[in-house]
């Protein structure tokens, strides 16, 4: 007996896509493209293409991976390698984009860039304490009812943010600082703009977030009355394409705005300062209020998605603790970490990204193409085994000097540098391809042996 399901209207797809956009698009997604535009200058186009691969294509593939495998979360993506690997990978992903780095960053970026410039310096620590407490209380309340997340983000918070951002784009391109073609180019982007843009896309954390948001998106889609896995997957995929296309357009406009701004400002150390300069230039004193509102809204949408995804996944695999309890623990832990400050969070998050991003990329790639080799564990095993060692080396090399410059850290970095493309952070690429070739070869041999055994029976 087939389940009767409602026919979705275009408006339903737009609401789900809006929710996805809001989940993905946090403060980092706002400030990193601006900063990229400033440092790439006239060479903004190749840098943009590289950035779009890791900041748009990979998150889209992560959504498609959830869709193609009928998965409901990051755990299912790693399941072909066994439940312990899948559980470990899920915990590492959620810890990185959750209470250790990603979720606290949503509050610290909003405060540091939007609120702190309006406060006396001596109030910064107390201000961050109060702001982060209120911020994560709001995130907890908005994600308390799982079925209401779509409405909170897709119908209210994200449209509000997009309206404010549209105002900034309208004014910025109506009265440009100058042509991007005349903007100065920093040394790293004079020759290797494409590659450096690719690596800058890591900072958005969206490929990791896309895997973690899977359970939130699937829950939201099922909340529309859909039951069949195939239908849920199709709606998720269509909404993912729509959302990431919109994100890509916003990225291009932000990068262009950043590049044009260097005709007037010198390139800043990070995108928060750049955005503050641009907003103040166009909107004066009122710009600070606009900036604070934009950053708080977009950061809150991402924080809601991250705390909800964490609680949903952990409740599913550790059901003795309720969704609400996991949600409260996640929100409180993120509040504590946020008060270490933005600089400390970014400094220690980079090594984890250098380790997890290669693993996430190969698992996303394997999941989206898994129909070709029937999700054979042997293919997954070879690829991940050949990826994990260079990824660990990249992690050690990216740690702060207390680790990376120690005797062990220097020895690991020296060994890593023998790998092709290691010096540009892609030392895992060739080993992963070798692992893929070996895995597919072993899989093909196993299939022939199995076919031969069947013929003999």
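The values are calculated or read from the model by the stated rules, or taken from the named source; none is laboratory data. Worth saying up front: this structure is predicted, and the values here are computed from it rather than measured. Virtual Cβ from ideal backbone geometry, glycine too; neighbours counted across all protein chains shown.
Selection of first residues in the stretch 227-247 that are outside the structural domain of residue 206 (by TED's automatic domain parsing) and in a helix (DSSP H, G or I) and of second residues that are surrounded by 20 or more Cβ atoms within 10 Å (Cβ to Cβ) and modelled with pLDDT of 85 or more, restricted to Cβ pairs under 9 Å at least 6 apart or on distinct chains, gives an empty result. Does the stretch 337-351 contain at least one residue that is more than 21 Å from the chain's Cα centre (by Cα) and modelled with pLDDT under 90? Yes: one or more hits. Could you give every pair whose Cβ atoms fall below 6 Å, whose first residue belongs to the stretch 426-448 and is farther than 26 Å from residue 355 by Cα, and whose second residue is part of a helix (DSSP H, G or I), counting only separations of at least 6 or pairs across chains? Between residues of the stretch 426-448 that are farther than 26 Å from residue 355 by Cα and residues that are part of a helix (DSSP H, G or I), the close pairs are 442/378; 443/378; 443/379.
As a summary of the residue check, residue 117 satisfies the conditions (1) buried (at least 20 other Cβ atoms within 10 Å of the Cβ); (2) touching a residue at least 24 places away in the same chain (Cβ under 8 Å); (3) over 20 Å from the mean Cα position of the chain (by Cα) except for the one numbered (1). Within the stretch 265-295, if we keep just the residues that are touching a helix residue (DSSP H, G or I) at 6+ places or on another chain (Cβ under 7 Å) and not in a helix (DSSP H, G or I), the residue that is modelled with the highest pLDDT turns out to be 265. Evaluation of residue 171 against the conditions (1) touching a helix residue (DSSP H, G or I) at 6+ places or on another chain (Cβ under 8 Å); (2) closer than 27 Å to residue 306 by Cβ; (3) part of a helix (DSSP H, G or I) shows that the sole unmet condition is (2). Being in the same structural domain as residue 21 (by TED's automatic domain parsing), surrounded by fewer than 21 Cβ atoms within 10 Å (Cβ to Cβ) and under 23 Å from the mean Cα position of the chain (by Cα) is the requirement here; does residue 290 meet it? Considered against the rule, which asks whether it is in the same structural domain as residue 21 (by TED's automatic domain parsing), surrounded by fewer than 21 Cβ atoms within 10 Å (Cβ to Cβ) and under 23 Å from the mean Cα position of the chain (by Cα), residue 290 comes out as no. Checked against the criterion of being within 26 Å of the chain's Cα centre (by Cα) and surrounded by 15 or more Cβ atoms within 10 Å (Cβ to Cβ), the candidates 195, 137 yield just one match: 195. Can you tell me which residues in the stretch 293-322 are surrounded by 21 or more Cβ atoms within 10 Å (Cβ to Cβ) and either farther than 15 Å from residue 160 by Cα or not assigned by TED's automatic domain parsing to the domain that holds residue 134 (or both)? Answer for the stretch 293-322, where residues must be surrounded by 21 or more Cβ atoms within 10 Å (Cβ to Cβ) and either farther than 15 Å from residue 160 by Cα or not assigned by TED's automatic domain parsing to the domain that holds residue 134 (or both): 303, 304, 305, 306, 307, 308, 309, 310, 311, 312, 313, 314.
With the condition kept exactly as written, say whether any residue in the stretch 428-444 is modelled with pLDDT under 85 and either surrounded by 14 or more Cβ atoms within 10 Å (Cβ to Cβ) or not in a helix (DSSP H, G or I) (or both). Checked the stretch 428-444: no residue is modelled with pLDDT under 85 and either surrounded by 14 or more Cβ atoms within 10 Å (Cβ to Cβ) or not in a helix (DSSP H, G or I) (or both).
Does residue 68 satisfy being more than 26 Å from residue 155 (Cα to Cα) and surrounded by 24 or more Cβ atoms within 10 Å (Cβ to Cβ)? For residue 68, the condition - more than 26 Å from residue 155 (Cα to Cα) and surrounded by 24 or more Cβ atoms within 10 Å (Cβ to Cβ) - is not met.
Set side by side, the residues 399, 382, 386 differ, and just one is surrounded by 18 or more Cβ atoms within 10 Å (Cβ to Cβ), at negative phi, in contact (Cβ under 8 Å) with a residue 60 or more places away in the chain and in contact with a helix residue (DSSP H, G or I) (Cβ under 6 Å, 6 or more places away or on another chain), which is 382. Answer yes or no as to whether residue 256 is in a helix (DSSP H, G or I), assigned by TED's automatic domain parsing to the domain that holds residue 100 and surrounded by fewer than 24 Cβ atoms within 10 Å (Cβ to Cβ). Here the answer is yes, as residue 256 does meet what is asked. There is at least one residue in the stretch 340-356 that is surrounded by fewer than 22 Cβ atoms within 10 Å (Cβ to Cβ), in contact (Cβ under 8 Å) with a residue 60 or more places away in the chain and outside any helix (DSSP H, G or I). Return yes or no: is residue 326 farther than 16 Å from residue 205 by Cα, surrounded by fewer than 22 Cβ atoms within 10 Å (Cβ to Cβ), assigned by TED's automatic domain parsing to the domain that holds residue 101 and over 20 Å from the mean Cα position of the chain (by Cα)? Here the answer is yes, as residue 326 does meet what is asked.
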